[in-house]
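Only one structure is covered here, and it is reproduced in the block below.
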Amino acid sequence: MIPMQTRLISALAVGSFLLTGCLSGGGGSSSRPSTPSPDVTITYTSHGVPHIQASDYRGLGYGVAHAHAEDNLCTLAEQILKMQGNKSRYFGPGENMANLLSDVAYKALDFEARADALYDRMSDNSQQLIEGYVEGYNAALGAYNSPQDYPSPCRGADWVQPITPTILAAYHLDLATLASTRNFLAAMAIAQPPSTVVMQGEQADTLLAQQQRPRPLRSAYPLTVQLDAEKVLTNEGIGSNGWALGSQRVNDANSLLLGNPHFPWDGELRFFEAHLKIPGELEVHGANMLGLPVITMGFNKDIGWTHTVSQAKRFTLYQLALDPSDPLRYYYDGELLDIESKTVLIDVQLPDGSLVPHSHELYFSHYGPMVDLSSLSPALGWTGATAITYRDVNIDNNRGMDQWLAMGLATSTQEVMDSFAAHQGLPWVNTMMIDKEGNASYIDASVTPLLSPQAEGYWRYAMSLPELAGLWQDGAGQILLPGHESQYAWVSDPDAVVPGIVPFSQAPRQTRTDYVYNANSSHWLSNLDAPLENHSIIYGPEGTVRSPRTRYNAQMISDPYAFGLTQADQRFDMDSLKAVLDMNGSLFSGSFRNELVQRCTQHPQIIVEGQALDVSEACGVLERWDGLYNLDSRGAHLMREYLQGFRVPLHRDLSDDLFAVPFDATAAAFTPGGLTQTMAPEDLLKPLYDAAERLRAEGIALDAPLGSIQYVLKSPEHKIPVHGGQSFEGLFNMISQGSRSTSDLATILVGEPVPDSASLSRLDEGNGEQSAYRITYGSSFVLALAYTDEGPQAQMYLSYSQAHDPESAFFADQTVMFSHKEWRDMALTEADIAADTVRVVELSLP
């Protein structure tokens with residue numbers, strides 16, 4: 001906790017504090033001298049939730065920074081260090097040189113220079129929020145007597161530094177590129193023209209270990225990196241479900257919203273709950289990320305919204321045709337252009353604590369950075385004939401602050417739509433929204449490139465080619481265009497906020513009074529009765545296979561009665577809405593499981609390569625499984641490992657061969673479906689045998705309760721069982737591993753992955769090595785919101801709790817609540833806040 005010299009008001013005095021201004025004078029004037037009003041008042045309720053009130057935007061930013069810094073100062077400080085390209089100086093080159101590669105890429109991108117050039121384009125209110133946040137953060141930092149007093153994740157660190165408005169705005173640009181340039185940092189750093197002589201990994205490691213005095217290292221050290229196709233080409237590691245229900249589909253309310261973002265449980269991408277208020281101007285509840293002084297998902301008295309990660313594209317890859325005599329020149333509209341180089345210098349800490357300078361050369365085309373993706377495919381490397389570059393639509397998108405602020409201020413659905421048209425600031429998310437009038441809306445207002453007709457036509461043909469299947473991944477992947485002609489470049493529309501992006505008028509959207517939803521598939525089926533069609537391929541495909549999680553979402557929201565969620569009228573209330581997440585059912589736990597049990601009962605032994613393999617025990621476990629992914633469910637993990645045997649690296653997740661009914665665009669929520677009846681028993685059941693053997697080899701009983709083997713190890717002292725499952729299993733309550741956190745301060749323990757498993761890992765937790773499903777990301781800020789005639793009502797989970805500091809009282813308290821399925825009422829009114837107040841902090845701005 002920050003040792004701020006601020007005025008603390010005890011909980012006993014809070015009732016009168018909150019009601020000040022509501023009482024009329026009449027008892028005569030007081031003889032006591034008046035006390036100046038504080039610039040910012042933060043009222044903390046249970047679980048460390050701040051209710052921040054200020055008289056202006058600068059004060060509001062100051063208060064948000066104070067609240068963020070109390071238990072999360074280190075997290076933001078480390079991200080600033082990373083964004084400035086300085087992690088290697090303090091943390092060393094990192095595992096597989098991750099810090100070094102990140103540092104040189106960030107140095108070359110120079111987000112601070114970009115932010116400085118763009119800063120004045122933001123509204124005065126957003127600038128005031130940023131400047132107030134910077135003042136509040138620096139005041140919080142300055143209140144510590146020494147680094148030894150910092151929160152535990154960075155206690156004693158010499159790298160925690162004050163920030164400036166430009167630095168914070170630069171970090172916002174970094175967050176805007178979460179689904180684009182952040183994917184390419186390593187690929188940027190290793191991209192070298194083919195004539196470059198590179199130092200091999202072992203040679204570089206030896207040099208690094210033996211280096212005794214500072215001297216420049218060669219810029220090519222080391223360039224052997226195996227990229228992860230999912231992390232580079234898809235949004236794996238960030239996702240979400242979002243439902244918006246209008247007046248036709250609700251009871252006891254005008255509208256309902258269910259927000260279920262799937263984000264990391266550790267590091268910089270964690271959400272933080274807050275309530276922001278400027279009397280007479282702004283009042284919004286919800287969550288944001290550290291460093292952002294606005295609510296990014298939440299609600300006010302009129303409208304509420306949640307986001308899901310959009311399948312629309314944030315960048316386009318380009319393949320350059322090179323000059324045969326010079327790999328640093330390429331053809332463009334019949335002329336030769338130069339590939340420009342940029343040399344950056346960083347300091348790298350060696351194992352003995354000394355620093356060595358490292359010079360590194362990175363390369364840029366007129367589109368953007370050059371990248372080496374040869375570890376994904378040799379055709380995507382830098383050869384004598386071709387090379388890969390890309391253009392990022394979010395690299396200069398500093399409009400997010402104005403966008404989310406406008407949403408928080410909006411009083412109607414139309415005002416939100418108008419804000420999308422005015423700002424086009426959402427970097428990588430869809431929006432599901434409700435209003436108090438009973439409307440439900442879906443919009444993909446995210447920033448996307450505007451393709452020319454030639455580029456659109458080219459990719460619609462090329463994406464069907466087998467050699468590009470791994471790049472496109474059913475639409476979850478990316479677009480590769482020829483880079484030699486301007487006809488494939490982005491085009492400009494006068495209705496767009498900036499050149500080269502799709503104007504909001506062309507964005508997929510609909511407003512209805514029944515329902516809309518999204519679960520990270522494209523826009524196409526946000527309502528089964530009204531598909532969104534004829535949009536640019538840049539938003540993702542239409543008429544194609546949806547993921548298992550999307551299909552499960554679609555079935556539940558369109559026919560909740562069939563799942564026991566509602567009565568026959570198909571209308572939700574708050575309890576049935578919360579049950580959507582708590583139920584923990586699966587797309588494959590009903591008739592599919594029954595058909596599988598029938599097949600393995602008929603074939604308790606299979607013959608594979610002349611060997612008899614017994615699946616009878618596994619078959620019995622699946623038969624007795626309750627079909628759920630609750631803590632006491634026995635057999636869920638066996639079904640998980642079985643389905644793992646049919647995984648494919650595509651958006652559909654599972655092989656078409658597993659299903660009896662092929663995909664049908666007119667029944668996309670239900671197809672492909674049913675267990676195949678034509679696959680030979682040995683092919684169908686060998687993955688079940690393998691799953692059982694894998695679990696046995698890891699010391700896991702086939703019928704172990706899920707909660708005994710699936711948990712979050714927030715720290716060695718915080719082992720908490722977690723319910724839910726993975727996207728390919730067809731669950732709503734998504735939990736898994738593989739987060740996109742870049743923090744070296746992560747406290748969640750994971751271990752080493754078990755080969756061929758869905759997400760088992762091995763780790764010695766103090767009693768010898770053991771295997772388990774150790775969770776690092778998934779359901780996070782879960783919001784159930786209702787608009788009633790009396791106003792908004794909301795309940796929520798924050799699965800990983802408010803604080804990133806293991807010493808905080810708010811490090812794991814809500815994680816336990818999530819484990820127990822204990823929804824928490826959000827304190828919305830002054831009476832609610834007064835009844836739950838723990839402490840009040842008053843702050844004065846400098």
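The values are calculated or read from the model by the stated rules, or taken from the named source; none is laboratory data. As the structure is a computational prediction, the values presented were derived from the model and not from experiment. As a convention, Cβ positions derive from the backbone with ideal geometry for all residues, glycine included, and neighbour counts pool all protein chains shown.
Taken over the range 464-511, the residue count meeting the criterion of being among the hydrophobic types (A, V, I, L, M, F, W, C), at pLDDT 95 or above and part of a loop (DSSP other than H, G, I, E, B) is 10. Per the conditions (1) under 17 Å from PHE315 (Cβ atoms); (2) touching a residue at least 40 places away in the same chain (Cβ under 8 Å); (3) out of contact with any Phe, Trp or Tyr (no Cβ under 6 Å at 6 or more places or on another chain), the sole criterion not satisfied by PRO449 is (3). In the range 696-714, the residues that are within 28 Å of SER808 (Cα to Cα) and in the same structural domain as GLY768 (by TED's automatic domain parsing) reach residues that are surrounded by 17 or more Cβ atoms within 10 Å (Cβ to Cβ) and acidic (Asp, Glu) with C-beta atoms within less than 9 angstrom, at least six apart or across chains, in these pairs: LYS714/ASP266.
Can you spot a residue in the range 559-568 that is in contact with a strand residue (DSSP E or B) (Cβ under 9 Å, 6 or more places away or on another chain) and either surrounded by fewer than 17 Cβ atoms within 10 Å (Cβ to Cβ) or part of a loop (DSSP other than H, G, I, E, B) (or both)? The answer is yes, given that some residue of the range 559-568 is in contact with a strand residue (DSSP E or B) (Cβ under 9 Å, 6 or more places away or on another chain) and either surrounded by fewer than 17 Cβ atoms within 10 Å (Cβ to Cβ) or part of a loop (DSSP other than H, G, I, E, B) (or both). When ALA321 is tested against (1) over 30 Å from GLU456 (Cα atoms); (2) among the aliphatic types (A, V, I, L, M); (3) not in a loop (DSSP other than H, G, I, E, B), only condition (1) is not met. Residues that are of a type in the set (Gly, Ala, Ser) and either touching a strand residue (DSSP E or B) at 6+ places or on another chain (Cβ under 9 Å) or buried (at least 22 other Cβ atoms within 10 Å of the Cβ) (or both) within the range 424-477 comprise GLY425, GLY438, ALA440, SER441, ALA445, SER446, ALA455, ALA462, GLY475, ALA476, GLY477, listed in sequence order.
Can you spot a residue in the range 127-150 that is aromatic (Phe, Trp, Tyr), outside any helix (DSSP H, G or I) and modelled with pLDDT of 95 or more?
Kept after step one, since they are aromatic (Phe, Trp, Tyr), are these residues of the range 127-150: 133, 137, 144, 150.
Imposing the further condition that a residue be outside any helix (DSSP H, G or I) reduces the set to 144, 150.
Applying the additional criterion that residues be modelled with pLDDT of 95 or more yields 144, 150.
Looking through the range 127-150, at least one residue is aromatic (Phe, Trp, Tyr), outside any helix (DSSP H, G or I) and modelled with pLDDT of 95 or more.
Could you tell me whether the range 119-137 includes any residue that is within 30 Å of GLU752 (Cβ to Cβ), among the polar types (S, T, N, Q), crowded, with 23+ Cβ neighbours inside 10 Å and in contact (Cβ under 8 Å) with a residue 60 or more places away in the chain?
Step one: list which residues in the range 119-137 are within 30 Å of GLU752 (Cβ to Cβ), which gives none.
No.
Residue by residue, here is whether (1) at pLDDT 95 or above; (2) within 22 Å of PHE732 (Cα to Cα); (3) within 13 Å of the chain's Cα centre (by Cα); (4) not in a helix (DSSP H, G or I) holds:
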{"residue": "GLY237", "(1), (2), (3), (4)": "no, yes, yes, yes"}
{"residue": "LEU258", "(1), (2), (3), (4)": "yes, yes, no, yes"}
{"residue": "PRO261", "(1), (2), (3), (4)": "yes, yes, yes, yes"}
{"residue": "ALA287", "(1), (2), (3), (4)": "yes, yes, no, yes"}
{"residue": "LEU292", "(1), (2), (3), (4)": "yes, no, no, yes"}
{"residue": "HIS307", "(1), (2), (3), (4)": "yes, yes, yes, yes"}
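Checking the range 679-701 against the condition returns a match, with at least one residue being closer than 25 Å to PHE818 by Cβ and surrounded by 19 or more Cβ atoms within 10 Å (Cβ to Cβ).
Being surrounded by fewer than 23 Cβ atoms within 10 Å (Cβ to Cβ) and either under 23 Å from the mean Cα position of the chain (by Cα) or in contact (Cβ under 8 Å) with a residue 12 or more places away in the chain (or both) holds for only one residue in LEU276, LEU282, and it is LEU282.
For every residue, the table says whether it meets (1) small (Gly, Ala, Ser); (2) more than 26 Å from PHE818 (Cα to Cα); (3) outside the structural domain of SER255 (by TED's automatic domain parsing); (4) modelled with pLDDT under 95.
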residue: ASN553; (1), (2), (3), (4): no, no, no, no
residue: PRO560; (1), (2), (3), (4): no, no, no, no
residue: ARG571; (1), (2), (3), (4): no, no, no, no
residue: GLN602; (1), (2), (3), (4): no, yes, yes, no
residue: LEU613; (1), (2), (3), (4): no, yes, yes, no
residue: ASP626; (1), (2), (3), (4): no, no, yes, no
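Yes/no matrix, rows are residues, columns are (1) within 28 Å of GLY132 (Cα to Cα); (2) at pLDDT 95 or above:
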{"site": "LEU749", "(1), (2)": "no, no"}
{"site": "ASP756", "(1), (2)": "no, yes"}
{"site": "GLN770", "(1), (2)": "no, yes"}
{"site": "SER801", "(1), (2)": "yes, yes"}
{"site": "LYS821", "(1), (2)": "no, yes"}
{"site": "ILE833", "(1), (2)": "yes, yes"}
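Being closer than 14 Å to SER743 by Cα and touching an Asp or Glu at 6+ places or on another chain (Cβ under 6 Å) is the filter; apply it to the range 88-114 and report the residue that is surrounded by the fewest Cβ atoms within 10 Å (Cβ to Cβ). Going through the qualifying residues, I end up with PHE91.
Once the range 43-79 is narrowed to residues that are surrounded by 24 or more Cβ atoms within 10 Å (Cβ to Cβ) and β-branched (Val, Ile, Thr), the residue that is farthest from ILE167 (Cα to Cα) is THR43.
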